[in-house]
Structures are given as C-alpha cells and as structure tokens.
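The values are calculated or read from the model by the stated rules, or taken from the named source; none is laboratory data. Remember, it's a predicted structure, so these values are computed and weren't measured experimentally. Note that we place each Cβ from the backbone using ideal geometry, even for glycine, and neighbour counts take in every protein chain shown. Remember, those area values only see protein heavy atoms, side chains included, never the ligands or the DNA or RNA. Shrake-Rupley method; radii C 1.70, N 1.55, O 1.52, S 1.80 Å.
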Amino acid sequence: MSAWPDALTGIAFGGDYNPEQWPRETWEQDARLMAEAGVTVVSVGIFSWALLEPEQDRFDLDWLGEVMDLLHRSGISVDLATATASPPPWLSHQHPEILPQNADGTRLWPGGRQAWCPSSPVFRERALSLVTALAQRFAGHPALVMWHVSNELGGHNARCFCDVSAADFRRWLERRYGDLEHLNDAWGTTFWSQRYTDWEQILPPRTAPTFPNPTQQLDFSRFSSDALLDHYRAERDLLHRLSPGVPVTTNFMVMSHVRDMDYFAWGPEMDVVSQDHYLEAHRDDAHVELAFSADLTRGVANGRPWFLMEHSPSAVNWQERNIAKQPGQLRRNSLAHVARGADAVCFFQWRASRAGAEKYHSALVPHAGTDTRLWREVVELGRTLEAIGEVAGSRVRADVAILFDWEARWAAELDSHPSRDVTYLDLMQRIYRALWDLGVTVDLVHPGSDLSSYRMVVAPTLYLTTDSTAAELRSYVEQGGLLLVSYWSGIVDEHDHVRLGGYPGAFRDLLGISTEEFFPLRAGEQVRLGGDLLAGAAAQVWTELLSLRGADEVAGYVDGPLPGIPALTRNEVGSGAAWYLATRPDEMGTAALVRELCAASGVDVHQHGGVEVVRRHGPEASYLFVLNHTAEEVEVAATGTDLVSGGVCAGDVRVPAGSVAVVREEVPQGARP
Ligand code: GLA
Ligand code: GLA
C-alpha cells in the first residue's frame, strides 16, 4: 500500500500534541485554539507508553479515547502514535536486557528516552503487544487518518553493541555471506590476523585498541539500519492487519547531521514518507541546508509528496545556542518545504511543555500564551496554507540529479583515510549551494535510480561504487548525459576493497584519466588553479597525481604539491561527456564550474541573489514559489495569481523582504501532460 490519507486534503497543518502533559481544561482550550489556527492534523501519544500501559498488560486507553473524540468533534484528524518510542520504567526494570550498549560497553540507562536495543526480542514483543491494544481499540475511530510508528527510529539508539545485537548481527552476516569464507574475504581478515573460524567469534565493532576492521564497521552500519527497519516493518505489518486501509508512517531525520539510517532502503516500505527537519541555526546558509534536506526527502519518497512531521516554530532546545526565528521566518521555512514537495507542515510541538528536557523548545502555543508574535505568525501560517491548498499533489521536476548514497557516506567517513577534511557532504553541499544560487532545482537520488530524464548528473564523493552503478553511469554518458564525478569517488567496491590499477577504479576509463597517488593538503593550505574556466580561483583539501588517458585538461594547479597537473578534466564518451573534478575549488571556482556545466548541458539558470524560486507542477497549473530570504523587496518574473496575497501578477510578482509568494501559472491547454 502507498497512499496519502484521504481525509487530509490541501496542505495539512498541525503538530505533535501531548495532551497527557496537561489537565482536561487545557484540552478544551487546545481544541478551540487549533480551530482558530486552522490546524487540520495532530500526532498524538508519541511518548505515552507509561500512561497507556501502566503495568504489563494493564492498558488504560480511555483518556486517549477522550482526546480522540474531542479532536474529532473539533474537525481535527489524528496521526496516532504507536507510543513505542520510549519504554516505561517498569519494562526496563523488569527486563534490563532491553537497554542498549555503546561501543565501549557502556549501558544506556532509562531516564532519557529511546533506551531500547533494536534487536531485543523482549522489547519487540512488548512493543507489538501495545500496538495490538491500540489498534484493536482505535482502528475504526473516525479521527484516525494515519499511524505513526515509534518516533525518529534510531535517533538515540541507532547502533547497539550489546550481546543481543551481536547475535543478531551474526545472523544478518550469515544471511549476507552464507559461509565464513565469504565473510573473511569480504572483511579482508588476513590483515592484522583477524581470520574467523567460528561465527561465535564475530562481534560488533566494539571499541578496540586501534582502528576496527573497516568492512566490519560498514556491515555493522548496514545491519544497524536494517535492524531498525525490521522493527518498523513488524509494527507496520501488524497495523496493516488490524487497521486495514489506514496508512502507516514513521518520521525520518533526513538532515545533514544524521547519518545512521539508509533512508533509500526505508522509503519504499512507507505508505507515506514523513520527515523531521531542524535548522542548523549556526550556519548562515541554514535555509540552503533546509532545501537540500527537503530535496533529499523527496528523493527518498521517489518524487511523491511527503509529510513534514516536525520542524520548529522558533528555537529548539538542543543546539549549543538556540536561535529564535526572525519575524516571517516561520512561514518562509514552512513554504520552503512545501515548494520542494511537502504536502503537510507540522511542528514539534503544539503547546510548550512546563516540565521536562524540552521545556525551552518553542511550540505553536508558547509559554507566554496567545498574545504573542509567535502565535500571530502561527495563525497567519494556517491562513497561508489554506490559501495554497490546491498545490497539494503537484510534483517538482528537476533537470539535475545529485547522487546520494548512505552506504557511500558510511564508507567514506571511516577512520584511517587520507584526509579527515574529506567528508561525505562537504563537496556535495558546496555544489548544491552553487546550483541553488543559480536557481537550479535538483533531485537528490540514489545511484540505482533511472537517470535518463536528467540533463546533468553529479556524483560527489561517491567513494563506494558498485559495478552496476559504474555501468549505469557509463551508459548515461554514452546516451548523451553530462556527468561530473569528484575526487574520492569510485575508489572501492561494496566491500570497501580498493579497485586496483589507478584511481578511481570504477570510473577511470569513463573519465579518461588515471591517478597514481593522493596528495591531500594541510589544514588551511590553498593551491591556485589555472586554465580559462578556473583562472583566479583557488582550491583546498585535496589534490592528486593524475594523468590524462584520453580526457582533456580543463584546469590545472599553478602551485602546491602538484604544479602543472590537471585538476579538472573532460572526456567525451558516446554522445555525452564525463567530467572529473580532482580538487575542492573555492566558492568562486565552484560557481564557475557549475555555471559552465549548466551551459554545456542546457540547464536553465536564473540568478535571483538570495531568493529561492522553485516550481511544482500539477495537471491544471504550475505553482511558482518565490521565497525572499533577503532584506529587500524583490521582483521575479511571473504571470498568474499569487495565492498568498490574492494579487494578480501580470509579468512579475513583487515579494517583500522575508516574505513569500506562490503564483498559480495556468498551463496552456495544449501543454497539459
Ligand atoms: C606501525 C606498525 C605497523 C603499521 C605502521 C603504520 O609502525 O608497526 O604495523 O601499522 O605503524 O604507520
Ligand atoms: C525530535 C523529536 C521530538 C522532539 C524534537 C525536538 O524531532 O521527534 O520528539 O524531541 O526533536 O526538536
């Protein structure tokens, strides 16, 4: 099954609702305020296991029933949590074996949240028992529109190194390798005397005297993501059986700082892909990271509309300095997600808590109440989302794809590599930023995706590359595509074994180059670049001793460890071209490169200087989102009706500083798909 909840029409609006923290009088007030703000859906019960099952097998679901009834009477739909995110104290007290363990053997105790081992059969059984009780009671409730499994699976417990996990890891390895010989080969265990002669000898990569085996680490990352996904499936399958027809989701964390879950493997298992996003408030381009995460979420959802389950009304509580949002930012951030495919805009949380670890996290109803600028902005957002409701269901289209692969990320960021400055997202986000600046919409897709519709494909830091990915990229280029591959791509196979004969083994022939040695740079070291395209630009982090094997040099190093050696190359293959970027250019160089590649592949660019411009396409109309992140009013070409202001745009739309417009552009009859 794969379906958006029927009851949620337009752009859904709401948030996590935790009424169990409040007396009943507050519930009535909440329902009134939700109606005032235009809230259409709330997620209920996420952390209420301890109240729903105060002791084993004694369920107290009546209070939740009252909440559901009240919400239904108020016209608000419920995304009902399975409440399994955080086990109650009685459970870990009775069964301390469910507690997770760190790599160094430290047990993670209850008292925070999510203190459970993903492989624990005891935890699984207790969780499914609660899900059964909830589904039996609420499957037919008229407020229920979606099930919300657990919460941010893997948020705090993604990797458990306990003995139960060790046994589960061994079972996973047996399924992957069949016999020990294949495992020993894959893990390269002749190195450092690690050869295994019995499955029982194999452990998770616990803290060791020095670098643990890299393939063991990579497989443990794969296993850990799978173990959590297994938990999701167990709850989902039960819900499909007991509550047929109601879609099931869980909230992802597709954010730059989260890397433990392979969401491309998870996406197809979801009825609806949901996502939580929190701004990296310390970054001055936090809105670009937001766009990147939203595009990646759309990739995980395979292009379908997705559900923004959480973001923050203003500050969070868990960063080092929790920066409040500027006036207008709430709406701008919300619409940035919608522009990139979200059909729901929800928040953590409805009402700011009085107690607990998140009491300083902003909420739709702040501690100060409703006579506040935040509440007024919340009400305004509700009106805006209602006004743009017809956008729901429309799709984003992109001419450019950037390949993203969590396995490549895990492998690329292991210890004992040539330079700690080469991190998976670094170059990818620099290239994304340069495309964002040019107004180019990007799909972030898995390397296994169909790439034929893209004019340009970028493979940044695709360190681990399978044979089939290499073959698909070759045929993409042969058939006329433009491909840009960067340093630290195509170096190893799926077992993290180096592809021999010159780097990057997976792409050497396609790129028409061969590298014999890496020359990473010292911290802060710069080298100057030459060649028409990059003259005047500098580079940092990485250089390599590269020779041409059929490709043309586009730029080279003027100084540094490798003067005269090519830094950027281009190779014609079939009717396309494969470019190789062997270093990390500065902003100016990256911008020049990206502009050149767009020109070469026929990708339209529009420079709007800090203004985000994205389109969603529906059968009857397109919707042009204009998000003005600057302090000046801007004018962008547009013809149609601005759904936000109601104004008619004859040729252009004026968007005040910090504001937004969503222009409905009629699609001419003949041009409809
Ligand atoms: C030490 C060890 C070697 C090797 C090198 C790497 O000298 O004895 O086995 O690990 O370090 O620099
Ligand atoms: C996550 C969780 C929420 C809450 C927020 C705070 O997204 O899912 O329960 O902790 O973070 O930002």
Check your understanding: Ser468 passes all but one of (1) in a helix (DSSP H, G or I); (2) touching a residue at least 40 places away in the same chain (Cβ under 8 Å); which number fails?
Key -> (2)
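Hey, any hits in the range 157-180 for a residue that's within 16 Å of ligand 2 (Cβ to nearest atom) and either on the phi > 0 side of the Ramachandran plot or surrounded by fewer than 17 Cβ atoms within 10 Å (Cβ to Cβ) (or both)? Steps first, answer last, please.
Filtering the range 157-180 down to residues within 16 Å of ligand 2 (Cβ to nearest atom) leaves 157-158.
The next check asks that each one be either on the phi > 0 side of the Ramachandran plot or surrounded by fewer than 17 Cβ atoms within 10 Å (Cβ to Cβ) (or both); those that pass are none.
No: the range 157-180 contains no residue that is within 16 Å of ligand 2 (Cβ to nearest atom) and either on the phi > 0 side of the Ramachandran plot or surrounded by fewer than 17 Cβ atoms within 10 Å (Cβ to Cβ) (or both).
Taking the options Asp226, Asp237, name whichever one is in a helix (DSSP H, G or I), loosely packed, with under 14 Cβ neighbours inside 10 Å and either touching a Leu at 6+ places or on another chain (Cβ under 7 Å) or modelled with pLDDT of 95 or more (or both).
The unique qualifying residue is Asp237.
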Study note, to complete from the structure: A careful count of residues in the range 24-42 that are in contact with a strand residue (DSSP E or B) (Cβ under 7 Å, 6 or more places away or on another chain), β-branched (Val, Ile, Thr) and surrounded by fewer than 22 Cβ atoms within 10 Å (Cβ to Cβ) gives 0
Review point. Filter the range 97-153 for residues that are among the charged types (D, E, K, R), under 30 Å from Cys346 (Cβ atoms) and away from ligand 2 (no atom under 16 Å from the Cβ); which is nearest to the chain's Cα centre (by Cα)?
Key: Arg124
Check your understanding: With respect to Gly530, is the statement that it is at pLDDT 95 or above, surrounded by fewer than 16 Cβ atoms within 10 Å (Cβ to Cβ) and farther than 26 Å from Glu413 by Cα true?
Key -> no
**Study point:** Search result, residues across the range 19-47 that are out of contact with any Pro (no Cβ under 8 Å at 6 or more places or on another chain) and farther than 20 Å from Gly382 by Cα
**Key:** Pro19, Glu20, Gln21, Trp22, Pro23, Arg24, Glu25, Gly45, Ile46, Phe47
Study note, to complete from the structure: Taking the range 273-290 and keeping residues of a type in the set (A, V, I, L, M, F, W, C) and either within 30 Å of Val78 (Cβ to Cβ) or within 16 Å of ligand 2 (Cβ to nearest atom) (or both) leaves Val273, Leu279, Ala281, Ala286, Leu290
Review point. How many residues does the range 632-650 hold that are surrounded by 19 or more Cβ atoms within 10 Å (Cβ to Cβ), touching a residue at least 24 places away in the same chain (Cβ under 8 Å) and of a type in the set (S, T, N, Q)?
Key: 0
Point to revise | Hey, Asp496 outside any loop (DSSP other than H, G, I, E, B), of a type in the set (D, E, K, R) and open to solvent by less than 40 Å² (accessible area, probe 1.4 Å) or not | key: no
Review point. Got a sec? Which strands (runs of 3 or more DSSP E) wholly within the range 273-361 have at least 1 residues that are modelled with pLDDT of 95 or more and aromatic (Phe, Trp, Tyr)?
Key: 306-310, 342-347
Review point. Which one of Gly45, Gly10 is within 15 Å of ligand 2 (Cβ to nearest atom), open to solvent by less than 70 Å² (accessible area, probe 1.4 Å) and either modelled with pLDDT under 95 or touching a Leu at 6+ places or on another chain (Cβ under 9 Å) (or both)?
Key: Gly45
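What do you reckon, is Arg107 open to solvent by 40 Å² or more (accessible area, probe 1.4 Å) and farther than 20 Å from Pro5 by Cα?
Numbers: open to solvent by 40 Å² or more (accessible area, probe 1.4 Å): yes; farther than 20 Å from Pro5 by Cα: yes.
Considered against the rule, which asks whether it is open to solvent by 40 Å² or more (accessible area, probe 1.4 Å) and farther than 20 Å from Pro5 by Cα, Arg107 comes out as yes.
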Revision key, fill the gap. Going through the range 388-409 in order, the residues found to be open to solvent by less than 10 Å² (accessible area, probe 1.4 Å) and within 24 Å of Arg259 (Cβ to Cβ) are Val400, Ala401, Ile402, Leu403, Phe404, Trp406, Ala408
Review point. When the range 81-102 is examined, which residues are found to be part of a helix (DSSP H, G or I) and open to solvent by less than 50 Å² (accessible area, probe 1.4 Å)?
Key: Trp90, Leu91, Ser92, Ile98
Check your understanding: Exactly one of (1) part of a helix (DSSP H, G or I); (2) farther than 30 Å from Ala392 by Cβ; (3) in contact with a Gly (Cβ under 8 Å, 6 or more places away or on another chain) is unmet by Ala35. Its number?
Key -> (2)
Review point. What is the one condition in (1) in a loop (DSSP other than H, G, I, E, B); (2) among the hydrophobic types (A, V, I, L, M, F, W, C); (3) open to solvent by 80 Å² or more (accessible area, probe 1.4 Å) that Trp192 does not satisfy?
Key: (1)
Point to revise | Hey, Ala599 open to solvent by 20 Å² or more (accessible area, probe 1.4 Å), without any contact (Cβ under 8 Å) to a residue 12 or more places away in the chain and of a type in the set (A, V, I, L, M, F, W, C) or not | key: yes
Check your understanding: List the pairs whose first member sits in the range 169-182 and is in a helix (DSSP H, G or I), whose second member is open to solvent by 60 Å² or more (accessible area, probe 1.4 Å) and of a type in the set (Val, Ile, Thr), and whose Cβ atoms are under 8 Å apart, counting only residues at least 6 apart or on separate chains?
Key -> Leu180/Thr197
**Study point:** Lone unmet requirement of (1) surrounded by fewer than 23 Cβ atoms within 10 Å (Cβ to Cβ); (2) touching a residue at least 12 places away in the same chain (Cβ under 8 Å); (3) outside any loop (DSSP other than H, G, I, E, B) for Val485
**Key:** (1)
Check your understanding: Any idea which residue in the range 258-272 is nearest to ligand 2 (Cβ to nearest atom), counting only those that are open to solvent by 10 Å² or more (accessible area, probe 1.4 Å) and part of a loop (DSSP other than H, G, I, E, B)?
Key -> Val258
Revision key, fill the gap. Among Pro214, Pro247, Pro205, the single one that is surrounded by fewer than 21 Cβ atoms within 10 Å (Cβ to Cβ) and farther than 30 Å from Gly328 by Cα is Pro205
**Study point:** Looking only at the range 1-50, and only at residues there that are more than 28 Å from the chain's Cα centre (by Cα) and among the acidic types (Asp, Glu), the one that is farthest from Gln114 (Cα to Cα)
**Key:** Glu36
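Tally the residues that are at positive phi and acidic (Asp, Glu), restricting the search to the range 492-507.
Qualifying residue count, the range 492-507: 1.
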Exercise for review: Find all pairs meeting these conditions: Cβ atoms under 6 angstrom apart; at least six residues apart or on different chains; first residue within the range 251-277 and free of Cβ contacts under 8 Å to residues at least 60 places away in the same chain; second residue of a type in the set (A, V, I, L, M, F, W, C) and in a helix (DSSP H, G or I).
Suggested key: Val254/Leu296; Trp266/Leu229; Gly267/Val300; Val273/Val300
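Might you let me know whether the range 67-80 holds any residue that is outside any loop (DSSP other than H, G, I, E, B) and within 16 Å of ligand 2 (Cβ to nearest atom)?
Within the range 67-80 (the criterion being outside any loop (DSSP other than H, G, I, E, B) and within 16 Å of ligand 2 (Cβ to nearest atom)), the answer is yes, since at least one residue qualifies.
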**Study point:** Inter-residue pairs, beta-carbon under 9 Å, first at positive phi and in the range 46-70, second more than 16 Å from ligand 2 (Cβ to nearest atom), 6+ apart
**Key:** Asp57/Ser129; Asp57/Ala133
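Within the range 539-564, how many residues turn out to be open to solvent by less than 20 Å² (accessible area, probe 1.4 Å), in a strand (DSSP E or B) and small (Gly, Ala, Ser)?
The number of residues fulfilling the criteria is 3.
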Practice item. Name the residue, out of Ala368, Ala342, that is of a type in the set (A, V, I, L, M) and within 16 Å of ligand 2 (Cβ to nearest atom). Key: Ala342
